[in-house]
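What follows is one structure encoded as structure tokens, with my remarks underneath.
The values are calculated or read from the model by the stated rules, or taken from the named source; none is laboratory data. The shown structure was predicted, so the numbers you read here are calculated from the model rather than taken from an experiment. For neighbour counting, all protein chains shown are included, and Cβ atoms are generated from backbone atoms with ideal geometry for every residue, glycine included.
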């Protein structure tokens, strides 16, 4: 019984570790969009949504540019 538990835990950790950086990035952006929608000022909300719409590829380019 103990071996089955260990195998189940290892399998679960492997599967949850399979999330790509793009999936994590998308989840973060979705959360940011939800926060943007709470803003009352339309201009501020639009700026926030524009930032939240930054693609993963564009984000990676910005990070690489900042490192140089």
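Looking at the range 49-60, which of its residues are farther than 17 Å from residue 36 by Cα and surrounded by 12 or more Cβ atoms within 10 Å (Cβ to Cβ)?
Residues satisfying the conditions are 56, 59, 60.
For residues that are modelled with pLDDT under 85 and part of a helix (DSSP H, G or I), tally how many sit in the range 17-62.
Total satisfying the criteria: 1.
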